Amino acid sequence: MGKPGLSLDTYLKELKDDRHRFENVFQSVEKMILEQGIDKLNVLGKTKYDFKFFRQEKKHLIGWYDELNSFVTFIRDAAAYGSSKDMAFVLVGEPGNGKTFFVDFLCDNYREFLSKEENKRYSFMFTGLDSLKTSGGALKYGGIRTAESQTYEDPLILAMNLFESRDKSMEFIQRFGFKDSEIDTFYENYRPLGACSDYILNEFREFTGGDINKILQFINIFQVPLSKTHGTVTGKYSAKDKITSSGVDLVGEESMQRLMHIVDTDSPYKFDVRRGALARVGGGGIHFSDEIFRNKKDLVQIYLGIIQNRVIELDGFKWPLDTLIVGTSNNNVFAQFQSDAEEAPIVDRCRVCFVGHNTDYNLQSELTRYAIGDAKRKKTLDNKNMHEDPNLVYAANVSIVLTRLPETLKLTSVEMMKLAAGEIAGEKSIKTLVEVIDELDRDPDVRNRFGQKGIGQRNLGKSIQRHLEMSETNEGKCTYAMDFFAALEKVILDYVLDTSLRKKYFEDLKTAKSLYREKVKTEMFNALMDKPDAIKEDVRGYVNMVIGIADDKLGPDKIWRYRDPQNGQMKVLKIDEHFIDSVEERLGLKVEEHKKNFRNKMMKIYSQKVQTDQNYDFMDNIDLVKAVVDVRLNSDVGAASSLVGALSNLTNKSNLEVHNRMLSTMQHQLGYCRTCAHKTIEYYCTPVHE
């Protein structure tokens, strides 16, 4: 219970010494978030504020830039006593896009924040109830001897209401050395005492003849318990069906046990409001309403009153609350709820934030990791260690993200995927993607907006599960990337009921397989060169040659000297114009003017990127990487088909040596096991038609 026997006088003295804080829930949450710091990011051509609070811990929020900006703005407005103070913040979106994870993350960290000594919340209880008797000598509260504030009201709230006169209460607080300005600040968060606290306080006034010193002897201050399982400080209410749901779950009810003790049946203490979820978070807590719009009408009406007035009301008795209400809903339920005009008032009282799926395939890597779990602990069904194909995460990322991107004539799915990740997409610019997003986001049906459709995190998890249970996975003791596509196909067939969406997802899967094949080509080249970064060096080499060939100081020997931005060292580069031309021909650039424009674009991108990322390597430019791979495979092996032929025909000794050397490089330098290395080489050698 915290410090035993802490009196109100002692508490107020400690408050004056800054050992406690008096602030509403919005001010506490604001402080919790902002004290961690803020970064500025450029996302889709716009500046976004990235709050470090949400990026802490091993498992944290990924992406959510707009949503987090909206939430923090809502909190800051409420903390400044704006209109948000009388509203709920509701996240609406497709299942499996992180809504519940966000609220759980917020609540878990809020409890951790309040566990720090300077942030701990306190409340009060009345002791000595057995001193209160009727005129006939009967105990007014029977066997009940103590009564805690049912909504965990702050001790300062009690001090503000200690006297019937506001001025006298202010004079009492002033006794502890608080300045007028400090008291004025306190009263910005003033609220009346809850019905039962006020009723019992009045009884002690009558019992003591209004002697404040005697009244204070019956008041004890205690620390508010921080318990996730008890629902104190942070609590959750999940929508139930019409039979099992009841307003009692939210606001409590009359307690038969208390009525057996209480003589005065008109006493508001007969109501056990802590029986409901709201009172337990009433003293500066967070209430999480899961699927808020799925509740039946009488509960919706309760929420309307709570959100608007921040008061629990039972039979005319009121218990004011200091509570942040955060809700969630899926798109379909929200659309149905909106169609019922009678329920419009509660929507009007909610700050609705529409949450889309993550559409950045690079950020998706961390989400995919969440779905996979601890790869080191994965076991086969016969309890043998399981290896993870180094291409698995990439295969999953592009497959999942492509399903979340809309169809448009302005961009191909791959161009959209690259632009959404802040990467290069040929001649297409980020402005084109922004136009597509803005156009879709004007649709009144939220379900048609950018990122609102697609495979969610839960179905990604199901795909990983299907992948793990495959006989191929267990026999090979490896989660071979190509098998993931088959697992995802089954999930789409089983869980996607919309025919048009299912058809689109299968087309997206074909595109994902083609991207995976290009990645395999890159891996084959790295293995062939016996270097993990062979293709990266060649791509960077092409860009450096393009920059060097445009240098006025370049001599007839085509030797270019430059300073490497990565390490600041001087380097010498022999410019190979045949290599440059070959790459550009692979890119479809045959006219000199087109080549010149492309080279200028590469130099411009390089000059922009190197200012923020000295390690930028152009590997996000899929077309350029593909062109360099094709050129190198042809020049170094004679022809790409020759490498395929060599790896396919191992009867030849030299072919076998190439195969074994590549296999060794893949296993010892590129992160493959024997199973996925063999299968990847076999896949590379097999003609496919995506």
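Each value in this text was obtained by applying a stated rule to the coordinates, not by laboratory testing. In this text the structure is predicted, and so the values were computed from the model without any measurement. Glycine also receives a Cβ, built like all others from the backbone with ideal geometry; neighbour counts cover every protein chain displayed.
Worth pointing out:
- Long-range tail of P(r) for segment 112-228 (Cα pairs > 20 Å, %): 48
- Order of ILE535, ILE559 under a 10 Å beta carbon neighbour criterion, fewest first: ILE559, ILE535
- Span from the segment 294-360 Cα centroid across to the segment 42-93 one, whole angstrom: 19
- Inter-label distance for ASP533 and THR380, nm, one decimal - labels placed 7 Å from Cα along Cα-to-Cβ: 3.5
- Which of TRP64, TRP560, TRP319 has the fewest Cβ neighbours within 10 Å, and the rest in rising order: TRP560, TRP64, TRP319
- Taking each residue as 0.36 nm, the span from ARG661 to GLN223 lengthens on full extension beyond its C-alpha to C-alpha distance by 151.0 nm.
- Taking each DSSP H run with n ≥ 4 as -39500 (n - 2.57) and averaging over every residue of the chain yields -14500 deg cm²/dmol at 222 nm.
- Each of GLY541, MET619, LEU509 was placed along the dipole of the chain (beta-carbon charges, centred on the mean Cα), and the one lying farthest toward the positive end is GLY541.
- Paramagnetic reach from GLU592 (point 7 Å along Cα→Cβ, amide N under 16 Å) across segment 518-556: 550
- Segment 527-685: translational diffusion in µm²/s, Stokes-Einstein, Kirkwood Rh over Cα pairs, 4 °C, 1.567 mPa s: 74
- Where N is the number of residues in the chain, Cα Rg divided by 2.2 N^0.38 Å: 1.25
- With bins 5 Å wide beginning at 0, the percent of Cα pairs of segment 364-518 falling in each bin runs 1, 9, 18, 20, 18, 14, 9, 5, 3, 1, 0.
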